[in-house]
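Report on the structure given below.
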Amino acid sequence: MNELELILTDIFKCSRTNLYLNASSVVFKKREFKSFDRILRNRGRGIPLQYILGYTEFMGLGLKVKKGVLIPRPETEILVETIIEKTKNLRLSAKGEKTKNLTILDIGTGSGCIAIALAKFLERVDIIATDISKEALDLARENAQSHNVVENINFLQSDFFIHHFFKTKIKFDIIVSNPPYVPTFEIGIFDNTTAKEPKVALNGGIDGLDFYRRLSKYAGKFLRKGGLLFLELGYGQAEKVKEIFSQGWTIEGFKKDYQGIERVCIINYG
């Protein structure tokens, strides 16, 4: 939906379909005008619409969002869809028998969108979702509870692998991350609404690749044999990420988004 549709469906508490089917009966009264005016004023100040409304949609799931937590993007849905597609092979052992629950680590979970969608659309998964922000984790837990998947997800406040939990030398089937990948100087230049989002969730350093370097150095220690690392990428970063993961890793492929940008990288350790 475009922004006007989102605003109107929120004001009139209806679906997009009902908005058009009942367009002739849509009447702006004092309450609706006040809500519309408030939303437009806030948008004029550069506040993202999702923060104004307090929610967004991801993979068909309604998620709460608020200032201080990164807003889920449609591009990240491609990351989740790629994991769902690839897990079909991981489900089977060498003998063709079903394995135990898939273990998944989501690094930088934010609103919890990736972990929640995977827990919702995959059967038999155990997910660890980490974030450096307690505010983000509190919101992610709330979102997980609203979708009845909180029992499948363990939320940990951690910067990469520093939490004591990782000293157990646990191995995951899948590690996934939508890391900060925006070069520092680009934040807010092409989309002024990103300037209102948390810098820690966007800032990938001078060239946008700091977190990929850290992942290439440490993530392999926590992947089981045959496990996969799934990463979301920024525009024009595919070749550079391929170089970063050239030692000890095998690039299995890339997935393009709807604009033809190589948006998801699939990597095998070893």
(request) Mind checking which lysines have their Cα closer than 29 Å to the Cα of residue 34? Skip sequence neighbours fewer than 8 apart in that chain. (result) 13, 64, 66, 67, 196
(request) Name the residue, out of 173, 37, 138, whose mean-square fluctuation peaks in a Gaussian network model built on the chain with Cα pairs under 10 Å. (result) 37
(message) For a quick check, take a GNM of the chain with Cα springs below 10 Å and name the residue from 18, 203, 101 with the largest mean-square fluctuation.
(response) 18
(request) Quick one: pull the percent of accessible area on the chain belonging to carbon and sulfur, 1.4 Å probe, ligands and nucleic acids left out. (result) 52 percent
(request) Using Cα positions and a limit of under 19 Å, work out the lysines in reach of residue 240, with same-chain residues fewer than 8 apart set aside. (result) 217, 255, 256
(request) Determine which aspartates and glutamates satisfy two conditions relative to residue 167: a Cα distance under 19 Å, and not lying fewer than 8 residues away in the same chain. (result) 106, 126, 131, 159
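In deg cm²/dmol and to the nearest 500, what is the mean residue ellipticity at 222 nm of the chain if only DSSP H runs of at least 4 residues count, each as -39500 (n - 2.57), divided by the residue total?
Values: 9 runs with 90 residues, N = 270.
Mean residue ellipticity at 222 nm (helix-derived): -10000 deg cm²/dmol.
Using a 1.4 Å probe, what is the accessible area per residue for the chain, in Å²? Before the final figure, lay out the partial values.
Values: 14330 Å² over 270 residues.
Accessible area per residue: 53 Å².
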(request) Using only the Cα atoms of the chain, construct the convex hull and provide its projected area averaged over every direction, in square nanometres to one decimal. (result) 15.9 nm²
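Anything in the chain that counts as a DSSP H helix reaching 30 Å or more along its axis (C-alpha) with Kyte-Doolittle mean of at least 0.0? List them, would you?
On the way: long enough: none.
Going by DSSP H runs, there are no hits.
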(request) Considering only 109, 17, 56, give the residue with the highest GNM mean-square fluctuation for the chain, with springs between Cα atoms whenever their separation is below 10 Å. (result) 17
(message) If you take every residue apart from residue 184 with its C-beta less than 11 Å away from the C-beta of residue 184, what net charge results, scoring Lys and Arg +1 and Asp and Glu -1?
(response) -2
(request) Kindly write out, for the range 156-168 in residue order, the coupling ³J(HN,Hα) from the Karplus curve 6.51 cos²θ - 1.76 cosθ + 1.60 (θ = phi - 60°), rounded to whole Hz, with x marking Gly and Pro. (result) 10, 7, 7, 9, 6, 10, 7, 4, 4, 4, 6, 6, 6
(request) Please turn the phi angles of the range 175-181 into ³J(HN,Hα) values with the Karplus equation 6.51 cos²θ - 1.76 cosθ + 1.60 (θ = phi - 60°), one per residue in order, whole Hz, x for glycine and proline. (result) 10, 10, 7, 10, x, x, 9
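With +1 on each Lys and Arg Cβ and -1 on each Asp and Glu Cβ, and nothing else charged, work out how big the dipole of the chain is about its Cα centre, in Debye to the nearest 20. Don't jump to the answer; show the numbers that get you there.
Details: 40 positive and 32 negative charges, 114 e Å.
With Lys and Arg at +1 and Asp and Glu at -1, about 540 debye.
The values are calculated or read from the model by the stated rules, or taken from the named source; none is laboratory data. Please read all numbers here as calculations on a predicted model, not as lab measurements. So basically every Cβ, Gly included, is an ideal-geometry build from the backbone, and we count neighbours across all protein chains shown. Protein only, heavy atoms only, side chains kept; ligands, DNA and RNA dropped before computing areas. Shrake-Rupley method; radii C 1.70, N 1.55, O 1.52, S 1.80 Å.
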